[in-house]
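*Asks:* Mind having a look at this structure? Questions to follow.
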Amino acid sequence: MSRFQTLSELVRHFLHRERWVLLPLLGVLLLGAVILGVSTGLSQVAPLVYALF
Amino acid sequence: MSGGYHDAAAALVVDGVLVGALQEERISRIKHDPGLPIGAALALLAQEGLSPQDVASVFFHEDPYAHLERVLLWSLRSFPKGLKAFPQAMRKQLGSDLWVLDSIAEGLGIPRGRIHKGEHHRSHAASAFLCSPFEQAAILTVDGVGEHHSTGLWQGQGAQISCLGQLELPHSLGLLWAGVTGWMGLAVNRGEHEVMGLAAHGQPRFSDVFERWLTQSEDGSFEVDPAPLAWLSDPERGFGPAMEAALGPARAFNARWSLQDPDFQLRADVAASLQQRTNEVLLGLATALHERTASPNLCVAGGVALNCRAIAHIQAHGPFEQVFVQPAAGDAGGALGAVLSGLGIRAPMHHAAWGVCCDAGRAQDLATELGMKVERVEDPVQRAAAHLAQGQALAWVKGRCEWGPRGLGNRAILASAADEALGVRLSTQVKPRAPFRPFAPIVSNTSFSEHFEGRPDLCTPFMTTLRQSRNDLSPATTHVDGSARVQSVGPKDALHEVLAAFEKESGQSVLLNTSLNGPGDPAVARETDALAWLMAHPGTPMLIDDLWIQT
Ligand SMILES: [Fe+2]
């Protein structure tokens with residue numbers, strides 16, 4: 001599973017300095033994403049606006 | 001590679017040499033394709049006789065983790081205003097953007113370990129500096145937002161780029177432009193260049209408003225008042241009620257433009273005010289950068305660097321001797337910057353023909369099959385010049401398609417710049433566009449100063465600056481304020497001979513040159529796109545190398 005590399009890089013990024021405060025939020029969201037992924041498939045979502053998201 | 005948001009692109013380096021660069025839209029045929037540039041990468045590889053398995057490393061132009069962090073942070077900071085856009089943002093972040101490096105590996109069918117992340121503004125900086133002719137330079141990067149930053153001050157030396165300072169959200173020139181673009185009824189992130197074109201029609205009578213919204217300190221750093229903007233609560237429009245209170249009601253989205261509209265002057269005056277303030281702030285940044293680097297050379301990149309009015313302003317009033325803006329200055333350029341900085345190499349850019357070829361042989365077979373009139377001509381240059389001298393437009397296709405948003409002489413619609421009526425016909429029938437946007441002129445280096453102020457420089461071959469016209473010989477390509485986004489061509493450029501032959505035939509040395517595409521379409525890349533354009537535009541002949549085709 002190559003996605004483990006992304007997950008470990010992601011966790012390493014958020015463990016850095018003050019970013020760890022975002023980890024719980026990220027955990028909840030990722031869990032949601034997994035459920036979303038299982039139920040609907042993780043498809044490319046067309047961005048309505050490039051600027052921020 | 002760059003992609004995932006806007007203008008996906010790929011650039012290919014083989015054995016330390018840049019061999020190609022291409023936007024995904026030219027392959028997928030989706031204008032400003034926001035996906036991943038897998039099609040572009042495969043096309044570039046195939047052109048070199050390579051397969052994805054030959055790829056040692058892929059450098060992505062930004063850091064998906066830092067990007068996600070910014071979206072999370074701003075969603076928290078803007079609570080509860082940002083709540084509306086939050087679910088959608090998260091779906092996009094967690095559904096695709098976070099896994100972008102995996103998607104690239106899967107798209108190319110290569111191990112994930114070969115894909116490396118970059119840094120958005122560093123990629124922009126590299127895209128300008130490492131393609132410039134300068135051994136050392138000051139570098140300014142300005143856009144909407146990268147991971148966290150909207151603006152960067154850098155210094156380049158050899159193949160090294162060091163950061164001198166960056167500005168973070170919400171202070172962003174690109175997002176201010178996005179907001180005003182939304183207020184104009186234009187698509188955010190697409191219509192900004194139309195606002196720039198509109199500015200020439202206006203007077204900056206709202207300068208006090210923009211001075212209030214966009215303030216600058218002595219050290220060049222600036223702040224943007226978030227009140228008139230709404231990129232979190234209303235990302236599709238980008239502006240909020242405070243903008244309407246100050247400037248008047250917004251235009252309806254996608255409403256048709258007319259110079260006779262009662263509120264046309266208001267819109268033009270707002271555009272002129274924003275443009276003027278942008279010029280001042282970018283000049284302030286450039287001046288501060290010059291004080292810190294003492295370099296005579298400046299490179300500019302990022303979406304805001306596509307504002308050729310502001311670049312011309314820096315050139316005219318700034319402290320730098322030379323300014324360079326690469327043709328794909330926006331996010332597409334990030335692909336080029338990512339690979340060059342990832343490998344630590346330089347690739348000074350002398351032309352923009354880095355894309356895919358149009359195969360005249362295949363075009364001939366295809367055109368014949370489609371029942372078009374096809375003819376091999378002995379002297380294509382002479383034939384083109386004679387046709388143009390008769391006051392006719394010509395679709396011109398030669399070599400590889402251009403890198404960046406501008407048609408720079410390899411995929412072009414050409415016409416006499418002196419023929420104002422033909423210009424009007426082109427802008428209403430062949431290439432419909434807002435009535436306030438002029439076409440661009442193309443002229444040889446030797447005739448440049450006769451028609452335009454100053455001399456050709458590092459930006460004029462790539463149309464990344466503006467010049468004032470010296471005469472009224474080119475009404476079809478001169479803006480209402482006398483400016484023109486002129487392209488200069490040297491002896492090695494494809495259109496040089498055509499310009500010379502056209503001058504012999506007609507006594508005129510300036511041609512109108514606009515990118516070869518239909519309304520809303522990306523520019524033509526390959527023979528199938530070229531013939532599709534021809535079918536949609538009967539009446540204008542096309543020259544592909546020595547192949548003269550008519551429907
Ligand atoms: Fe950017």
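The values are calculated or read from the model by the stated rules, or taken from the named source; none is laboratory data. None of the values given here were measured: they were computed from a predicted structure. Using ideal geometry, Cβ is built from the backbone for each residue, glycine included, and neighbour counts are taken over all protein chains shown. The area values use the complete protein model at the heavy-atom level, side chains included, leaving out ligands, DNA and RNA. Shrake-Rupley method; radii C 1.70, N 1.55, O 1.52, S 1.80 Å.
*Asks:* So what does B:E505 come to for accessible area, using a 1.4 Å probe and Å² rounded to 10?
*Replies:* 90 Å²
*Asks:* Each label point is 7 Å from the Cα along the Cα-to-Cβ direction; what then is the distance between the points at B:I30 and B:K504, in nm?
*Replies:* 4.7 nm
*Asks:* Between A:L15 and B:R190, what FRET efficiency comes out of the Förster formula 1/(1 + (r/R0)^6) with R0 = 41 Å and r the beta carbon distance, rounded to 0.05?
*Replies:* 0.60
*Asks:* For chain B, what is the relative contact order in percent, using Cα pairs closer than 8 Å and at least 6 residues apart in sequence?
*Replies:* Worked out over chain B, it gives 16 percent.
*Asks:* Which percent of the accessible area of chain B is formed by carbon and sulfur heavy atoms (probe 1.4 angstrom)?
*Replies:* C and S fraction of accessible area: 50 percent.
*Asks:* For the range B:93-115, list residues with backbone N below 14 Å from a point placed 7 Å from the Cα of B:S57 toward its Cβ?
*Replies:* Label zone hits: B:113-115.
*Asks:* Could you give the size of the charge dipole of the protein assembly as shown about its Cα centre, using +1 on the Cβ of each K and R and -1 on the Cβ of each D and E, expressed in debye and rounded to the nearest 20?
*Replies:* Magnitude of the dipole: close to 900 debye.
*Asks:* Shifting gears a bit: Which three lengths, in whole Å and largest first, does the protein assembly as shown cover when its Cα atoms are put on their principal axes?
*Replies:* Principal extents (Cα only, largest first): 72, 57, 47 Å.
*Asks:* Here's another thing I want to ask about it. Please tell me the relative contact order of the range B:360-550 in percent, rounded to the nearest whole number, where contacts are Cα pairs under 8 Å and at least six residues apart.
*Replies:* Worked out over the range B:360-550, it gives 34 percent.
*Asks:* Which of B:K398/B:K431; B:K431/B:K504; B:K31/B:K84; B:K31/B:K431; B:K31/B:K398; B:K92/B:K117 have a Cα-Cα distance over 23 Å?
*Replies:* Long pairs (Cα-Cα over 23 Å): B:K431/B:K504; B:K31/B:K84.
*Asks:* Right, something else. To the nearest 0.05, what FRET efficiency results for B:H317 and B:D225 with a Förster distance of 22 Å applied to their C-beta separation?
*Replies:* 0.30
*Asks:* Using a Förster distance of 41 Å, how high is the FRET efficiency between B:Q157 and B:A532, based on the Cβ-Cβ distance and rounded to 0.05?
*Replies:* Working from the Cβ atoms, E equals 0.30.
*Asks:* For the residue pair A:L23 and A:F4, what label-to-label distance in nm results when each label sits 7 Å from Cα along the Cα-to-beta-carbon direction?
*Replies:* 2.0 nm
*Asks:* Summing +1 for each Lys or Arg and -1 for each Asp or Glu, what net charge is found among the other residues whose Cβ lies under 15 Å from the Cβ of B:E135?
*Replies:* So the environment of B:E135 carries a net charge of 0.
*Asks:* For the pairing of chain B with chain A, what total accessible surface becomes buried, with a 1.4 angstrom probe, in square angstrom to the nearest 100?
*Replies:* Approximately 3500 Å² gets buried when B meets A.
*Asks:* How much length, in nm to one decimal, is gained on full extension between B:S233 and B:D481, taken as 0.36 nm per residue of separation minus their Cα-Cα distance?
*Replies:* Here the segment from B:S233 to B:D481 would lengthen by 85.6 nm.
*Asks:* Would you rank B:E25, B:E450, B:E194 by solvent-accessible area, highest first, keeping every protein chain in place and using a 1.4 Å probe?
*Replies:* Putting B:E25, B:E450, B:E194 in descending order of accessible area: B:E450, B:E194, B:E25.
*Asks:* Using θ = phi - 60° and the Karplus curve 6.51 cos²θ - 1.76 cosθ + 1.60, what whole-Hz ³J(HN,Hα) does each residue of the range B:65-79 get, with Gly and Pro shown as x?
*Replies:* Taking θ as phi minus 60°, the curve returns 6, 5, 5, 4, 4, 5, 5, 5, 4, 6, 5, 5, 4, 9, 4 Hz for the range B:65-79.
*Asks:* Provide the percentage of antiparallel DSSP beta bridges, counting only those with both residues in the protein assembly as shown; round to the nearest 5.
*Replies:* The antiparallel fraction comes to roughly 75 percent.
*Asks:* Mind running the shape call on the range B:376-503? Use the C-alpha gyration tensor, a ≥ b ≥ c as the square roots of the eigenvalues: rounded below 1.5 for a/c, prolate if a/b tops b/c, oblate otherwise.
*Replies:* Judged from the Cα gyration tensor, the range B:376-503 comes out rounded (a/c under 1.5).
*Asks:* Please report how far the C-alpha centroid of the range B:379-393 lies from that of the range B:503-526, rounded to the nearest whole angstrom.
*Replies:* Between the Cα centre of the range B:379-393 and that of the range B:503-526, the gap is 12 Å.
*Asks:* Oh, and also: Leaving out ligands and nucleic acids, and using a 1.4 Å probe, what accessible area per residue does the range B:60-187 come to in Å²?
*Replies:* Heavy-atom accessible area per residue stands at 28 Å².
*Asks:* Here's something else I'd like to know. For the range B:234-364, what does the accessible surface come to per residue with a 1.4 Å probe? Please give it in Å².
*Replies:* In whole numbers, the range B:234-364 has 36 Å² accessible per residue.
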